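The values are calculated or read from the model by the stated rules, or taken from the named source; none is laboratory data. The structure displayed is predicted, hence computed values, not measured ones. Counting neighbours? That spans all protein chains shown, and the Cβs are built from the backbone with ideal geometry, glycine included. Side chains are part of the model used for accessible areas, which takes the heavy atoms of the whole protein and leaves out ligands, DNA and RNA. Shrake-Rupley method; radii C 1.70, N 1.55, O 1.52, S 1.80 Å.
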Amino acid sequence: MTRQDPEGFGPRAGADWAVPALLPRLPGLDHTFTLLRQGYHFIGRNCDAMHVDGFRARLMGREAVCLRGPEAGRLLYGSDVVTRQGAMPATVLRLLQDKGSVQQLEGEEHRARKAMFIRLVMDPARVDALVRGFEAAWRAQLRPGTEISILHLANAALTRAVCHWAGLYPSEARLRQLTRVLFAMSDRTGHFSPSTLVTLMQRRRVERWLRQQAAAARAGGNAPEGSALAVMAAELPPEVAAVEILNILRPVVAVGRYIAFSAKALHEHPIWCGLFHSGNEDYITDFCEEVRRISPFFPFTAAVATRDVEWQGATIAAGTRILFDIYGTNNDARNFPLPHKFRPERMLDWKVEDPAFVPQGAGAVATTHRCPGEAMTLALMASAVRMLCNEMSYELPPQDLSVAMNRVPAQPASGVRIRVQRID
Ligand code: HEM
């Protein structure tokens with residue numbers, strides 16, 4: 001069967017990019033509160049208002065340059081004039097990648113560590129193994145007649161699956177705690193409150209446990225051969241192995257957010273479920289890719305210029321923080337006609353290096369900071385969509401499915417609650 005594209009949303013012919021002469025300054029002294037208020041729209045809306053693709057701002061008292069579009073993507077992914085070191089606020093760094101992680105390395109050291117990630121998380125057999133574990137854990141939680149939030153269902157299933165996949169076998173009590181803490185690490189990144197400090201302390205405890213696991217595996221313990229735990233424990237000191245194992249566990253659990261967005265999209269566009277019954281994998285992938293394009297997740301990524309950078313006729317001084325607008329680039333009408341319409345017919349594909357479609361970064365995965373987890377993300381989303389459409393009947397009770405665009409990371413407010421009617 002060929003994929004249909006009746007409204008002409010298919011692969012793009014080319015984009016008409018405005019070329020700004022320089023980087024204008026956003027009016028005002030400091031724009032931190034504007035950023036918090038406008039959330040995902042901060043860079044895109046201000047670019048639109050000034051008819052440019054980049055501007056200068058002050059964030060938390062520090063000079064920043066905010067950019068969007070493919071050329072900005074190339075600057076942050078694939079050029080040697082920026083570094084990730086010092087780019088993120090300390091709490092965000094500690095909650096997400098952490099010091100000593102692959103994301104904080106550059107050059108040869110980065111390439112070597114990245115190669116290990118690629119071996120571990122992009123190998124199709126390993127991706128399949130994770131998906132099988134996820135499906136088993138998801139099915140085990142479902143009972144006809146019960147009500148459950150897709151976000152919670154996915155988080156719990158992903159935590160169990162990724163721990164076992166990585167060669168970790170926590171007790172049931174620790175699994176429940178890990179489900180909460182791994183989710184909170186991503187969930188607390190966009191704001192600072194007492195709960196941020198609690199999550200940071202909980203993260204330290206998880207890291208301590210992972211360090212012990214890595215040290216035991218290194219000393220000849222019984223980590224399954226070839227597992228992420230065994231490989232990382234053999235190749236890295238225990239404290240670095242703990243950080244990097246967490247760099248797989250945490251983002252795999254974060255895929256639950258995309259699964260909740262997928263369930264919302266299935267509810268709002270029920271026609272797609274009918275197509276998925278035919279088992280056409282291309283349609284399911286197109287659907288999940290469009291969910292990744294349209295759903296707010298990472299608003300932007302950040303780097304620091306290591307020397308003066310010429311950008312479209314303007315100079316970005318060494319030491320300036322540069323923000324690359326992920327959400328705005330994915331939702332730019334010049335590359336995605338009617339960007340706020342959900343159109344899987346766009347046939348997006350992470351395997352094609354498309355500089356306009358950047359939900360998990362841009363460029364070549366082996367040599368840039370682009371996310372190595374896109375194969376896993378897509379496979380897990382597709383599996384959840386298949387199970388929702390083909391293995392069960394459910395309805396959505398009345399609930400708030402709205403998405404607050406100034407809450408980072410965003411999610412459908414209710415987490416998408418379903419009442420399970422039948423399991424097939
Ligand atoms: C939930 C969906 C995900 C989103 C939205 C996401 C997003 C991103 C983004 C935007 C980056 C680039 C950061 C930068 O440029 O500084 C990144 C990097 C990274 N991601 Fe993901 N990711 C996801 C899932 C995953 C998964 C499933 C894994 C592992 C299995 C993973 C592991 C990593 C690692 C290790 C890096 C650092 C790469 C490097 O610095 O070279 N991510 N991710």
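One table, with the values for the structure above:
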{"read-out": "Residues of segment 28-53 classified as farther than 22 Å from S295 by Cα and of a type outside the set (V, I, T), total", "value": "8"}
{"read-out": "Qualifying residue in segment 110-121 (condition: touching a His at 6+ places or on another chain (Cβ under 9 Å) and among the hydrophobic types (A, V, I, L, M, F, W, C))", "value": "no"}
{"read-out": "Scan of segment 60-84 for residues that are of a type outside the set (D, E, K, R), farther than 24 Å from R334 by Cβ and at pLDDT 95 or above, ordered by number", "value": "V81, V82, T83"}
{"read-out": "Strands (runs of 3 or more DSSP E) lying entirely in segment 264-368 (those with 2 or more residues that are within 16 Å of the ligand (Cβ to nearest atom) and crowded, with 20+ Cβ neighbours inside 10 Å)", "value": "300-305, 321-325"}
{"read-out": "Residue ID - surrounded by the most Cβ atoms within 10 Å (Cβ to Cβ), chosen from residues in segment 52-90 that are basic (K, R) and in a strand (DSSP E or B)", "value": "R56"}
{"read-out": "Of all residues making up segment 263-318, the number that are within 29 Å of L67 (Cβ to Cβ) and out of contact with any strand residue (DSSP E or B) (no Cβ under 9 Å at 6 or more places or on another chain)", "value": "8"}
{"read-out": "Subset of segment 376-393 that is open to solvent by 20 Å² or more (accessible area, probe 1.4 Å) and in contact (Cβ under 8 Å) with a residue 40 or more places away in the chain - its residue that is nearest to the ligand (Cβ to nearest atom)", "value": "A379"}
{"read-out": "Residues (touching a residue at least 40 places away in the same chain (Cβ under 8 Å), open to solvent by less than 20 Å² (accessible area, probe 1.4 Å) and part of a helix (DSSP H, G or I)) located in segment 218-250", "value": "A228, L229, M232, V243, E244, I245, L246, N247, I248, L249, R250"}
{"read-out": "Odd one out for Q212 among (1) within 16 Å of the ligand (Cβ to nearest atom); (2) at pLDDT 95 or above", "value": "(1)"}
{"read-out": "Sole exception among (1) over 18 Å from the mean Cα position of the chain (by Cα); (2) among the basic types (K, R); (3) surrounded by 15 or more Cβ atoms within 10 Å (Cβ to Cβ) for R188, by number", "value": "(1)"}
{"read-out": "Hits in segment 191-217 (condition: open to solvent by 20 Å² or more (accessible area, probe 1.4 Å), under 28 Å from M60 (Cβ atoms) and touching a helix residue (DSSP H, G or I) at 6+ places or on another chain (Cβ under 7 Å))", "value": "F192, L200, Q202"}
